[in-house]
Structure formats: C-alpha cells, structure tokens
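Scroll down for the structure; my scribbles are underneath it.
Values in this text are rule-based calculations from the coordinates and carry no lab data. Every value quoted in this text rests on a predicted model; they were computed, and no experiment measured them. A quick note on method: Cβ atoms are made from the backbone with ideal geometry, for glycine too, and the neighbour counts reach across all protein chains shown.
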Amino acid sequence: MTGRFITLEGGDGAGKTTQAELLTAWLEANGRSVVRTREPGGTDLGVRIREIVLHERGHVAPRAEALLYAADRAHHVETVVRPAVARGDVVLQDRYTDSSVAYQGVARGLGAAQIRSVSEWATDGLTPDLTVLLDLDVTEGRARVASARGDTFDRLESQAAAFHESVRRAFLDMARAEPERFLVVDAAAPADAVQQVVRAAVAPLVGIDVP
Ligand code: TYD
C-alpha cells in the first residue's frame with residue numbers, strides 16, 4: 001500500500017483531536033495502518049521542546065520560538081513521519097508547517113515566506129498529501145477550549161483574540177493559495193457531519209470506497 005501523509009490544521013478548539021480519532025478508527029476498520037501523531041511533541045525530544053514552547057514562563061524570543069517548532073519538526077519528520085510513510089502507513093498528524101506559517105509567520109509577524117522556508121529546510125521538503133483545515137469562528141473556538149479545560153490557557157492560547165483572528169485568516173489564505181492540497185471544512189457543524197466530509201476526501205487517497 002502507498003503511504004500517505006495527512007495533516008490537520010485549525011485554531012485552538014476546532015476539533016482536530018476528535019476528527020483525528022474518528023478518522024483513525026475508520027481507517028483501521030478498513031484495514032489501513034495508522035500512525036497518529038502531532039507537533040509539537042511527536043517524539044521524546046519533541047515532548048521536551050513542547051514543554052518549552054507551550055509552558056516556558058519567561059519570555060521566549062519569537063525567532064527562538066520559531067526555531068524550536070522547526071527543530072521539533074525536523075526530528076519528528078526524520079524519525080517518525082518519513083519511516084511510517086515508507087512502510088506504507090497512513091500518518092495522521094495534528095499540525096505541521098502551516099501552523100508555523102500561521103502562528104509564527106503571520107500572527108507573530110515573522111514573515112510567512114521565511115517561516116515556510118525554514119520549515120521546508122527542516123523537513124527536507126516533505127509536503128502533506130492532504131491538509132484538512134477545520135475552520136471555526138475564533139470566539140466559538142475559544143469558548144470550546146475554555147469549557148473543556150476549565151478556563152486555563154497555555155502561552156499561545158492566552159494571546160489576544162486579534163492574534164487568533166489573524167491565525168484563522170492566515171490558514172484560509174493558505175487554503176486558497178493551494179486548493180489542491182487543502183480541504184476546508186466548516187468546524188461549526190456537528191462532529192459526525194464534519195467527519196463525513198473528511199472521509200469523503202481521504203477515501204480516494206487511501207484506496208477505500210467512498211462511504
Ligand atoms: P496543539 O497541541 O495542537 O494544541 P491545541 O490542542 O490546543 O490546538 O498546539 C499547541 C499550540 O502550538 C497551538 O496553540 C498552536 C501552536 N503551534 C505554533 O504556534 N506553531 C507550530 O508550528 C505548531 C506546530 C504549533
């Protein structure tokens with residue numbers, strides 16, 4: 001079987017985890033081997049990097065933050081993602097380069113093109129076969145996160161609403177620029193309905209008959 005690399009993107013609270021779990025169950029039920037992973041934190045080294053980027057109390061210089069995400073990604077792609085795709089597995093990953101472009105490149109103002117090029121170097125150019133963008137109104141996403149976690153936000157989640165609006169716009173702009181790679185789904189719809197749309201897009205990629 002041909003290996004596939006599928007990424008899930010979207011703002012906080014858009015439901016990436018729920019969708020990835022539902023998609024994993026369906027792929028496995030159809031006989032595909034799935035590697036569920038995420039960035040930051042998909043490796044032991046990445047877990048330590050994740051701790052720094054999400055929970056460091058002091059100031060982290062924006063360029064240092066961008067390079068930490070890129071370092072996590074470089075190690076993850078070489079040791080987890082590429083080997084799994086080479087084995088013929090389906091890699092289902094929460095967040096990838098597009099998150100760096102949206103959060104560090106656009107919302108933090110470091111420059112979309114530069115951040116993309118840092119990530120492309122880090123990954124030696126590995127591009128997803130499909131990127132599912134779960135698009136959701138920022139206020140709704142933040143309300144979901146707050147109710148799920150009892151109102152505690154990590155460093156990035158506690159940024160101002162304008163930051164998250166700019167992340168959302170950045171993702172939508174990327175999707176518009178690369179329509180053949182992106183599937184944009186309205187994440188305000190019920191989880192089951194979102195999942196049907198996602199499965200319909202994934203099915204032909206993995207050789208499963210459309211549900
Ligand atoms: P994630 O683990 O997906 O958290 P959540 O479940 O809350 O969406 O991502 C953690 C945070 O890391 C999220 O706020 C987005 C941020 N992030 C970046 O800023 N740049 C990146 O390159 C990546 C991968 C994540």
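Considering region 168-211, and only residues there that are of a type in the set (Val, Ile, Thr) and touching a residue at least 60 places away in the same chain (Cβ under 8 Å), the residue that is farthest from Gly13 (Cα to Cα) turns out to be Ile208.
Has region 123-136 got any residue that is farther than 19 Å from Gly10 by Cβ and either part of a strand (DSSP E or B) or touching a strand residue (DSSP E or B) at 6+ places or on another chain (Cβ under 9 Å) (or both)? For region 123-136, residues farther than 19 Å from Gly10 by Cβ and either part of a strand (DSSP E or B) or touching a strand residue (DSSP E or B) at 6+ places or on another chain (Cβ under 9 Å) (or both): present. Determine whether Arg57 is away from the ligand (no atom under 11 Å from the Cβ), in a helix (DSSP H, G or I), surrounded by fewer than 19 Cβ atoms within 10 Å (Cβ to Cβ) and not aliphatic (A, V, I, L, M). Judged against the criteria, Arg57 is not a match.
Candidates Ser100, Ser33: the one that is out of contact with any strand residue (DSSP E or B) (no Cβ under 6 Å at 6 or more places or on another chain), buried (at least 16 other Cβ atoms within 10 Å of the Cβ) and of a type in the set (Ser, Thr, Tyr) is Ser100.
Of all residue pairs spaced 6 or more apart or on separate chains, those with beta-carbon atoms under 6 Å, a first member in region 12-27 that is in contact (Cβ under 8 Å) with a residue 60 or more places away in the chain and over 18 Å from Asp89 (Cβ atoms) and a second member that is of a type in the set (D, E, K, R) and assigned to a helix (DSSP H, G or I) are Gly13/Arg144.
If you go through region 91-113 and pick out every residue that is in contact with a helix residue (DSSP H, G or I) (Cβ under 7 Å, 6 or more places away or on another chain) and more than 10 Å from the ligand (Cβ to nearest atom), you end up with 6. Scanning region 76-90 for residues that are within 13 Å of the ligand (Cβ to nearest atom) and either over 14 Å from the mean Cα position of the chain (by Cα) or aromatic (Phe, Trp, Tyr) (or both) returns no hits.
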